[in-house]
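Asks: Handing you a structure now.
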Amino acid sequence: MQSPWEAPDFDDHEVVHFVTDAKSGLKAIIAVHSTHLGPGAGGVRFWHYQQSGDALADALRLSRGMSYKNAMAGLPLGGGKAVILADDARTKSPEMLAAYGRAVERLGGSYVTAEDVGVSVADLVAVSKVTKYVSGLPVAEGAVGGDPGPHTSYGVYLGVKAAVKRKLGRDSLDGLHIAIQGAGSVAGGLARLAAKDGARISVADIDQARAEKLAAEVGGTVVSTDAILTLEADVLAPCALGAILTEQSIAALNVPIVAGGANNQLATPEDGDRVQARGILYAPDYVINAGGIINVASEYLGDADQAGVQARIEKIPGRLDSIWDESETTGRNPAAVADAMAQRLIGRA
Ligand code: NAD
């Protein structure tokens, strides 16, 4: 049997905890990739994995991603991620969330948990009853914290503007055409900000009603989910799923810029080279979409007010510029440059 050290996604993770609580049925993996810059921070995912090996792969891959993301966001946090293994018999219960919270507490702050797929704010409130190492909790009006979505949108909007300035030499989005994949939280915020600047928005969502509502709000146009990836536009902003940039989809892109909020947009590392080879400027996803984690981290660390959070998010364009500068100098694609920069920041160059 393969051990975690031989797992393809193992990347010298500092610690990987396998948590079992027979009474509540909890089975979880908490992976801490790096604490070089601070406690390993990242959300907990509740997911029905086909095999437990898939859960381990997810925890290893996602926790490394959090190390990179937190480092590139300039946060004093390392990278960690937890997954809770669901199945038909193991459904989420208050007892299970409490057992998970106790496991996080036992780690003494080396891992800080937050929301991810399948875990709600209400779940985290339950977890917070047994551990203080949790963020993304409801906060009072005006306080730092709460829904990270609008902060992610703001950072993505600033990143899109930086890409437009660099690639098209334009200071404003006025008159530009932005194709947005997705009409959810991040996409909606981006569409509203870009439309306010005078951009023309095309939007696609598998939830047609959602796309129509957003298009009506911003005076945009709904296109099909197939058409959005080949639309002729100034910017494609993927704000829905991961792995949408594949050999096939990249060949059909009709934009000079890809800059959006979705996580893990490149299906494989080679796709970073493919985007570059087509002369398309790419904004590495975990750099441009860090606004949400910046807000969550500032809530947890209690070290900034709303203006401070905004100032941190406003550093995203500068980070993108330094990535693009290095990409131009070295010839490496921006995603590879971002990974190398993150590795340097966490002492793993
Ligand atoms: P959301 O659930 O609010 O919106 C996602 C939307 O994408 C939904 O409306 C869904 O119907 C749509 N969608 C799914 N498959 C699609 C497809 N094939 N074509 C078109 N639309 C499709 O989620 P969100 O919070 O807006 O997150 C969007 C992306 O941004 C995700 O990849 C997420 O991981 C990433 N992200 C979000 C945040 C945040 O703060 N919310 C932070 C960082 C990264």
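Asks: For segment 190-221, give me the residue count where each residue is in a loop (DSSP other than H, G, I, E, B) and near the ligand (Cβ under 9 Å from one of its atoms). Steps first, please.
Replies: The first filter runs over segment 190-221 and keeps only residues in a loop (DSSP other than H, G, I, E, B), leaving 197-199, 205-207, 219-220.
Restricting the remaining residues to those that are near the ligand (Cβ under 9 Å from one of its atoms) gives 205-207.
Total satisfying the criteria: 3.
Asks: Does ALA251 count as farther than 18 Å from LEU158 by Cβ, more than 15 Å from the ligand (Cβ to nearest atom) and at pLDDT 95 or above? Can you show your working first?
Replies: On the way: farther than 18 Å from LEU158 by Cβ: yes; more than 15 Å from the ligand (Cβ to nearest atom): yes; at pLDDT 95 or above: yes.
Considered against the rule, which asks whether it is farther than 18 Å from LEU158 by Cβ, more than 15 Å from the ligand (Cβ to nearest atom) and at pLDDT 95 or above, ALA251 comes out as yes.
Asks: Tally up the residues in segment 222-248 that are away from the ligand (no atom under 14 Å from the Cβ) and either in a loop (DSSP other than H, G, I, E, B) or among the hydroxyl-bearing types (Ser, Thr, Tyr) (or both), please.
Replies: As a first pass, look at segment 222-248 and keep what is away from the ligand (no atom under 14 Å from the Cβ): 232-235, 247-248.
Pick out the ones that are also either in a loop (DSSP other than H, G, I, E, B) or among the hydroxyl-bearing types (Ser, Thr, Tyr) (or both) and you get 232-234.
Here the count works out to 3.
Asks: Could you give every pair whose Cβ atoms fall below 8 Å, whose first residue belongs to segment 65-81 and is closer than 16 Å to GLU115 by Cα, and whose second residue is acidic (Asp, Glu), counting only separations of at least 6 or pairs across chains?
Replies: LYS81/ASP58; LYS81/ASP116
Asks: Cβ-Cβ under 7 Å, sequence separation 6+ or interchain: first residue in segment 3-22 and touching a residue at least 60 places away in the same chain (Cβ under 8 Å) and outside the structural domain of SER34 (by TED's automatic domain parsing), partner surrounded by fewer than 17 Cβ atoms within 10 Å (Cβ to Cβ) and in a loop (DSSP other than H, G, I, E, B). Which pairs?
Replies: Pairs that qualify, where the first residue is touching a residue at least 60 places away in the same chain (Cβ under 8 Å) and outside the structural domain of SER34 (by TED's automatic domain parsing) and the partner is surrounded by fewer than 17 Cβ atoms within 10 Å (Cβ to Cβ) and in a loop (DSSP other than H, G, I, E, B): there are none.
Asks: Here's another thing I want to ask about it. Among the listed residues GLY331, GLY261, identify the single one that is surrounded by 21 or more Cβ atoms within 10 Å (Cβ to Cβ), in the same structural domain as ALA179 (by TED's automatic domain parsing) and out of contact with any Asp or Glu (no Cβ under 6 Å at 6 or more places or on another chain).
Replies: Matching residue, one of GLY331, GLY261: GLY261.
Asks: Moving to a separate point now. Please list, ordered by first then second residue, the pairs with beta carbon atoms under 8 Å, 6 or more apart or interchain, first in segment 206-235 and touching a residue at least 60 places away in the same chain (Cβ under 8 Å), second surrounded by 15 or more Cβ atoms within 10 Å (Cβ to Cβ) and part of a strand (DSSP E or B).
Replies: Between residues of segment 206-235 that are touching a residue at least 60 places away in the same chain (Cβ under 8 Å) and residues that are surrounded by 15 or more Cβ atoms within 10 Å (Cβ to Cβ) and part of a strand (DSSP E or B), the close pairs are ASP234/HIS177; ASP234/ILE178; ASP234/ILE257; VAL235/HIS177; VAL235/ILE178; VAL235/ALA179; VAL235/ILE257; VAL235/VAL258.
Asks: Search segment 167-189 for residues being within 15 Å of the ligand (Cβ to nearest atom), of a type in the set (A, V, I, L, M, F, W, C) and not in a strand (DSSP E or B), and hand back the single one that is nearest to SER153 (Cα to Cα).
Replies: Only one residue fits best here, namely VAL186.
Asks: Still on this structure: Quickly run through segment 130-157 and pick out the residues that are closer than 20 Å to ALA304 by Cα and hydrophobic (A, V, I, L, M, F, W, C).
Replies: Initially, segment 130-157 is screened for residues closer than 20 Å to ALA304 by Cα, giving 132-155.
Listed by number, the residues that qualify are VAL134, LEU137, VAL139, ALA140, ALA143, VAL144.
Asks: Let me ask you something else. Could you grab the pairs with beta carbons closer than 7 Å, sequence gap of 6+ or different chains, first residue in segment 92-121 and at pLDDT below 95, second one within 16 Å of the ligand (Cβ to nearest atom) and of a type in the set (Ser, Thr, Tyr)?
Replies: ALA114/SER135
Asks: Which residue, of ALA55, ALA28, is of a type in the set (A, V, I, L, M, F, W, C) and assigned to a helix (DSSP H, G or I)? Before the answer, list the steps.
Replies: Values: ALA28 fails: assigned to a helix (DSSP H, G or I).
Checking each option against the conditions leaves just ALA55.
Asks: Which one is nearest to the ligand (Cβ to nearest atom), of the residues in segment 104-156 that are assigned to a strand (DSSP E or B) and not aliphatic (A, V, I, L, M)? First the steps, then the outcome.
Replies: The first filter runs over segment 104-156 and keeps only residues assigned to a strand (DSSP E or B), leaving 111-113, 134.
Within this subset, residues satisfying the condition of being not aliphatic (A, V, I, L, M) are 111, 113.
On the way: TYR111: 19, THR113: 16 Å.
Out of the qualifying residues, it is THR113.
The values are calculated or read from the model by the stated rules, or taken from the named source; none is laboratory data. For clarity, every value in this text was computed on a predicted model and none was experimentally measured. All Cβ positions, glycine included, derive from the backbone under ideal geometry; neighbour counts span all protein chains shown.
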